[in-house]
Every structure is written in structure tokens, then in C-alpha cells.
Ligand code: DC
């Protein structure tokens, strides 16, 4: 498949809407790099928790974000899940812990943290093109992206997905706890002052309930072809 040089595809949506799985598969099929912005905010949150930085301490949190920005690295093996590193330390599993999950929305609402992470996302997503996924990619990070996609699914379906995903990894949270965490994250992510989760008016809206990943990726590839962005 021929892709234009520097093609950026923005994929946004709420927690557990299927963004990560779709973005990984799309990047593989198009041979583009993957920028998972949620992992960056999770990495900042992990380090803030470890350094016991309060979630309302803007300057110390910005310093943590600067450190993460300088040390963040993601590997995307062809036949395995992406792996996240801070310098030489692998944090792939730690950034998915429920402690980080509970704290990531307040930490990522801090403007200094967002400024630093957006800089990193533009740096990694610009040259050579990329599939960039998150909450504000089409609205704030790459508003000029030639294709923006917004994935959504009802909250109960997203909670079931996340519940099964956590159980598969040996987690013991109840469905009720997962529902409460997703509802809280949706609320903080959508109502924060600085670049909240919202759909860009020109984004392609795909409801992922009951549809397989392959079908969602096919729909995105068709949209790219229709727009002449790939051949
Ligand atoms: O995609 P995820 O669930 O890993 O994202 C974790 C959190 O990071 C999410 O609840 C809010 C924050 N986030 C953000 O504020 N902006 C982004 N572009 C991506 C994630």
C-alpha cells in the first residue's frame, strides 16, 4: 500500500473505545509508526506517583513531564504488543495498573503536563507520518491531519471490554469498579478546561460496538482511499 509522505492519521475516542487496538493494526497495515499518547500521560502519572508529587502541584508535575518527554520510548514489535520504556526501564505493565488508571485523568488535566506531552507527540508524529491516538489529537495536537477518526461505543460496552481485558491480565477488579472508573475518566477527560476529549467536526465517526477490529480498520483504509491519501 502506498502512503503519502508524512501522512498523519488522528484517532480519538473515550477510554476503552477500541482506539489502541485499531491504531496498532492500522499502523501495521500502512507501515506507519504508532504514537500512543495515552501511554505518555500514563508514564507521567507513574513517575508522579513514585515521586509522591501531589496532583495539583503544577510546576513539579511539569518537571516530571519534561523528564518523561526526554526518556520516553515505545517499541512496536510486528507480532507482539507495543512495549513502553522510560530510559532503559520497561514500564509496559506498570502504566496499565489500576493505581495509574485512577490517577491519570487528574494528572493529564494539568496544563504544564499537556504542553510537554503535546510537544513530544508532534515531534514523534510529524516526520515520516504516523497513526496518533488519544483524546485531543484531531482537535489540538494535529488539527490539520488529513484524516481524523473518532471511535465511540456505549459506556456499558466499553466497561465490559475493559473488565475482560483486566481479567485476562489477572486483575481482580469487579465490573462495578471498572464501570465507576470509566465513568469518572469520561467525566474528567471531557470536562477539563485544557483540550478536553471532543470530536473534531470533520472527524469520521465510527461506533465500534459489535464490530471487529479488522472491520474498523477496513473502514478507515477505505476512507483514506476515497480521499486519495493512499493508493
Ligand atoms: O488512552 P488511555 O486510556 O491510555 O489514556 C489514559 C488517560 O490519558 C486518559 O484517561 C486521559 C489521558 N489522555 C489525554 O488526556 N489526552 C490524550 N491525548 C490521551 C490520553
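Beta carbons closer than 9 Å, at least 6 apart along the sequence or on distinct chains, pair a first residue in the stretch 123-143 that is closer than 20 Å to residue 66 by Cα and part of a loop (DSSP other than H, G, I, E, B) with a second that is modelled with pLDDT under 95 and away from the ligand (no atom under 13 Å from the Cβ) for 126/6. Of the residues making up the stretch 56-75, just one is farther than 16 Å from residue 118 by Cβ, touching a residue at least 24 places away in the same chain (Cβ under 8 Å) and surrounded by 15 or more Cβ atoms within 10 Å (Cβ to Cβ), namely 74.
A single member of 73, 42 is at pLDDT 95 or above and within 16 Å of the ligand (Cβ to nearest atom), and it is 42.
Considering the stretch 191-219 alone, what residues qualify as being outside any loop (DSSP other than H, G, I, E, B) and without any contact (Cβ under 8 Å) to a residue 12 or more places away in the chain? Spell out the reasoning first.
Let us first name the residues in the stretch 191-219 that are outside any loop (DSSP other than H, G, I, E, B), namely 191, 204-207, 213-219.
Within the stretch 191-219, 191, 215, 218 qualify.
Evaluation of residue 152 against the conditions (1) farther than 18 Å from residue 8 by Cβ; (2) in contact with a helix residue (DSSP H, G or I) (Cβ under 6 Å, 6 or more places away or on another chain); (3) in contact (Cβ under 8 Å) with a residue 60 or more places away in the chain shows that the sole unmet condition is (2). The set of residues in the stretch 96-133 being within 22 Å of residue 182 (Cα to Cα) and touching a strand residue (DSSP E or B) at 6+ places or on another chain (Cβ under 6 Å) consists of 132, 133.
Checked against (1) more than 14 Å from the ligand (Cβ to nearest atom); (2) within 22 Å of residue 198 (Cα to Cα); (3) out of contact with any strand residue (DSSP E or B) (no Cβ under 6 Å at 6 or more places or on another chain), residue 79 passes all but condition (2). Residues in the stretch 196-213 that are within 16 Å of the ligand (Cβ to nearest atom) and closer than 16 Å to residue 15 by Cβ: 5 in all. Among residues of the stretch 26-43 that are closer than 16 Å to residue 122 by Cβ, those with a beta-carbon under 7 Å from a residue that is away from the ligand (no atom under 16 Å from the Cβ) and not in a helix (DSSP H, G or I) at least six positions away or on a different chain give the pairs 32/3; 32/7; 32/129; 33/128.
Can residue 222 be described as in a helix (DSSP H, G or I), modelled with pLDDT of 90 or more and more than 18 Å from residue 22 (Cβ to Cβ)? Walk me through how you get there before you give the answer.
Values: in a helix (DSSP H, G or I): yes; modelled with pLDDT of 90 or more: yes; more than 18 Å from residue 22 (Cβ to Cβ): no.
Considered against the rule, which asks whether it is in a helix (DSSP H, G or I), modelled with pLDDT of 90 or more and more than 18 Å from residue 22 (Cβ to Cβ), residue 222 comes out as no.
Among the residues making up the stretch 221-231, none is crowded, with 16+ Cβ neighbours inside 10 Å and either over 21 Å from residue 137 (Cα atoms) or within 17 Å of the chain's Cα centre (by Cα) (or both). With respect to residue 134, is the statement that it is within 12 Å of the ligand (Cβ to nearest atom), surrounded by 15 or more Cβ atoms within 10 Å (Cβ to Cβ), within 16 Å of the chain's Cα centre (by Cα) and at pLDDT below 95 true? Criteria not met by residue 134.
The values are calculated or read from the model by the stated rules, or taken from the named source; none is laboratory data. Computed from a predicted model, the values in this text were never measured in an experiment. Glycine gets a Cβ as well: all are built from the backbone with ideal geometry, and neighbour counts include every protein chain shown.
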